[in-house]
1. Condition first: under 26 Å from residue C:319 (Cβ atoms), over 29 Å from the mean Cα position of the chain (by Cα) and at the interface with another protein chain (Cβ under 7 Å from one of its Cβ atoms). Now tell me which residues in segment B:26-43 satisfy that.
2. In segment A:64-85, which residues are part of a loop (DSSP other than H, G, I, E, B), modelled with pLDDT under 95 and more than 7 Å from every other protein chain (Cβ to nearest Cβ)?
3. Just for segment C:197-221: of the residues that are away from chain B (no Cβ under 14 Å) and open to solvent by 10 Å² or more (accessible area, probe 1.4 Å), which one is farthest from residue C:468 (Cα to Cα)?
4. Those residues that are of a type outside the set (D, E, K, R), free of Cβ contacts under 8 Å to residues at least 12 places away in the same chain and more than 9 Å from chain B (Cβ to nearest Cβ), I need them from segment C:346-365; list them, please.
5. If residue A:33 satisfies every condition in (1) surrounded by 16 or more Cβ atoms within 10 Å (Cβ to Cβ); (2) within 22 Å of the chain's Cα centre (by Cα); (3) at the interface with another protein chain (Cβ under 7 Å from one of its Cβ atoms) but one, which is the exception?
6. I'd like the residue in segment A:45-63 that is in a loop (DSSP other than H, G, I, E, B) and more than 8 Å from chain C (Cβ to nearest Cβ) and, out of all such residues, is least open to solvent (accessible area, probe 1.4 Å).
7. Looking at B:134, B:118 in this structure, which one is assigned by TED's automatic domain parsing to the domain that holds residue B:39 and open to solvent by less than 30 Å² (accessible area, probe 1.4 Å)?
8. Go through (1) away from chain B (no Cβ under 12 Å); (2) crowded, with 21+ Cβ neighbours inside 10 Å and name the single condition residue C:330 misses.
Amino acid sequence: MTINQKDIEKIAHLARINISEEESATLEVKLNSIISMIDKMQEVNTDNVEPMSHALEVTQPLREDKVTESDIRSDALKIAPEVVDSIFIVPQVIE
Amino acid sequence: MDWDIVIGIETHVQLRTNSKQFSGASTAYGSEPNSQACLVSLAYPGVLPVLNKEAVNCAIRFGLATDAEIASRSIFARKNYFYPDLPKGYQISQFELPIVNHGKLSISINGKEKEVRILRAHLEEDAGKSLHGIVQGKTGIDLNRAGTPLLEIVTEPDMSSADEAVTYAKKLHELVQWIGICDGNMQEGSFRCDVNVSVKKKGDTKLGTRREIKNLNSFRFIKQAIDYEVNWQIERLEDGEKIDQATILFNPETGETRAMRSKEEANDYRYFPDPDLLPLEVTANMIDKIKLSMPELPASVAERFEKNLGLSSYDASELTANREVTNYFNNVLQFECSPKITANWILGVIFSQLKEKDISISLCPISPAQLAKLIQRIEDQTISNNAAKKVFDALWQKPNTEIDLLIDELGLRQISDSGAIDQLVEEVINANINMVNEFKSGKEKAFNALVGQVMKASKGKANPTQVSEILKKKLTI
Amino acid sequence: MINLSLKSLNQGLVKKKFSSLELTQFFLNRVEKHNSDINAFISIDAEKSLTQAKHADALIQSGQNSLLTGIPVAQKDIFCSAGWRTTCGSLMLDNFISPYDATVIQKFNEVGAVNLGKTNMDEFAMGSSNETSYYGSVKNPWDLSLVPGGSSGGSAAAIAARLAPAATGTDTGGSIRQPASLCGFTGLKPTYGLVSRFGMIAFASSLDQAGPMAPSAEDCAALLNVMAGYDEKDSTSINHEKEDYLANLDEPIKGLRIGVPKEFFEKGLDGSVQKVIEAALMSYKKMGAELVDISLPNTHLAIPVYYVIAPAEASSNLSRYDGVRYGYRAKEYDDLMEMYFKTRQEGFGEEVKRRILIGTYVLSAGYYDAYYLKAQKIRKLISDDFKKAFEKCDVIMGPSAPSVAFKANEKKSDPLAMYLQDIYTISTNLAGLPGMSIPAGMIENLPVGLQLIGNYFKESQMLNIAHAFQKETDWHTRMPDGVS
């Protein structure tokens, strides 16, 4: 498969990354070289192969339902880009 | 033209846990902004999720309560999208393999039972809250709610009217509280519905295009939103226009729905299994343990009330609509009161008081023991039914007063001394010879008038049954 | 002091030949002297380090010490450390002061080790040459015109130049082993789940694993003793019985079956590197080991599979860097969308953005099955190859990297050439197996690493096998000129 400018625009939008026009051209070349490299996978027959998400066959541990975390607000707010009255501030969200 | 309405509902139920789905932060409602935003809630670099055992138990309880399949292996996935109140940039949810599949919930529509199929119920986490108006033209983010455990319950499109949808939502709301997995507080957002609505020409087999009304947190809004939406869709189709799939919002102030602006782009959530979480295993052993702690379900309790206590099906279902009501009822019955009289008192006098004061039965100032005593005083004929209502009103004002003292204080003790009643009857007969004659000439009504006179003479305290018995005896001699 | 083993440093501390304060100051001075050339550290905080050293001295004084008490350890800047700036090599986290300790950091603190500073790395651990760091590239102490490898390049250069006696790294596709090979020391990537990932900034969650970096296998064993262990804060951490990795170092290795995968010696491998590896294998044979021919037939698919799975996971893991709660936020924007777009455009470097885009692409609607699901299936095939191989051998050996250290900028603009650096290391991450690189020889004064791949949780045996080699050779004690 190959990626074109429109695909790049779409995935850049999904990933919320701004890409300038001059970047976009070189990006197309580089992404396509990566895509053609990973396309080597398509040569392999994987019928009846179970997909592997984890290295070892283990199951999810469960945590007791206890409150263990304390209020770290003062540290958290100190390093936040914009805060008013202990609330993080961002440009207006339009629903 | 006639139209079929097709409705499916997705409900987000906040689970009643102490801590969050994937961290040990508190889930308490109404705390200072961001005071419950722990490292995980803030999605700090390097933090990892660990699943809350109680949330899993809640999902299993729900599965058992809806006769569903509980998956022995289910998978958590990431649903990727950017939103300022979604700190990780993805929501952990279950996608391909949810924990609960294929359940059902029966609802009663105009006295007829209808089964709503539950397609699935899956565990996920809530987002934070976006706050508007803190700073003019900006949005504030409070992450206290971020990570609160949710069970999303998805029905098949089995409902065909706003009333059915509301009935289902109410029934589900009752059930999740009954089995103790949700506090049911809709104002605080503990129970929120997304409603999918489509219409099709009557009899068509192909479903119409659906629009999803997001985030309805009251039954009234569900009804209003569906009614508005159905009309809108039908009008559009009748005008020859087509419906586009959309996510829409309901505005309670105008009663209208509108498409969300932010969701215009086609969403591509890029679901994939969350590599930070392993497959969730639910063993038969876990399920068995939970079975032991499950309360009897409302449908079964109602059936028992009908069969064993002789209650009407309406009364039985009303008394099992809410576990607190059922407990209250059962507690009164422990004092060996008549089930029917008890049911009438709870569903009548108590409910109207609770409704007027807008409180739940758990806050009812009159305890089950006191109500039982009051009912006993009716049953042993110490007071009449009417007098009992006066006692009840007085009791509501002074909740801890001893019932018998109150009866005396109010002078409501019924006269059941047959000698005293005999004398009163005698006096009334002598003073109302005309009425006596009318009765004797066949006017049945005159009898009731005479009873009324006796009651009046007793200032309402005479036992009316005894009065009519004695009167009848004297008049038919 | 500059070329002493951790055991010897411990002896020096216990026998009061020097204090932790002196030792720490000694290495801080070395960092001060050499870091401007090598750029191995992003953050140094002498006051913090020396405070820890004083505390360690008190522990030693009271006899409550263990082997690493008072020993300075350089920490890769991927581990969150309370009160320290933790950048992950990115502008995105340039101003991020961590309020908490990663489990790995906490474990070092618990035994009284000293945090010597935070080492440079490829941005978000994405790179094999340490040229993608926002804080500039790291130089290879053996030749400053060469790269040290990556992504744990800062830790690698710090060990090679003896700016620290020990360091930590993380390895998602080779990021401990390849720099260990290029800089000439011992590095171990443990079995997936042996070391907690809590507090270690995620690149590709299902592949990331932290491990020790130090001159010798014995040093690595001492470090692993501290780092390994179940952590209830990491769901993927494995509840494996606690081991003492120093205990079996001197076991005999006679009769050891070494699997030699033919796929590791095909085209792409530098001829002189091959000779060094073959010589090392012959040394093992002389020590009584048996060489067994094995095959890992899907090796050529490891890179394609990795470049689907790792970017996919990364694209999601890096979504949290949105300028809302911490870290970089663009200076100018008109609305929320623009804030996101510019924050992420400016805050991330080129390679990181490239991988986020690839990852977003392979997960997006219509491509998931062809890429992500396919990759997960081939991942299973690769893992099965190892399972079969371990029926015939106890350990697998081959090169750690296809060449010695290469010139700075040589592969920087060619991602595919760069990706090939990890051709021999990536498949162990995909399978979750432990892998190790040990110095095996030199080519024109540049180190060459021998890779050991063990079965699950066979770290103890691997360290034993490595130690046996290091008792016979001195490659691991060699230092670049100009270090002293």
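1. B:33, B:34, B:35, B:37, B:38, B:39, B:42, B:43, listed by residue number.
2. Correct list: A:70 only.
3. C:215
4. Result: C:361, single match.
5. (1)
6. Restricting to residues being in a loop (DSSP other than H, G, I, E, B) and more than 8 Å from chain C (Cβ to nearest Cβ), the top hit is A:59.
7. After ruling out the rest, the residue left standing is B:118.
8. (2)
The values are calculated or read from the model by the stated rules, or taken from the named source; none is laboratory data. Because the structure is a prediction, the values reported are computed rather than measured. Ideal geometry is used to build each Cβ from the backbone, glycine not excepted, and the neighbour counts take in all protein chains shown. SASA here: full protein model, heavy atoms, side chains in, ligands and nucleic acids out. Shrake-Rupley method; radii C 1.70, N 1.55, O 1.52, S 1.80 Å.
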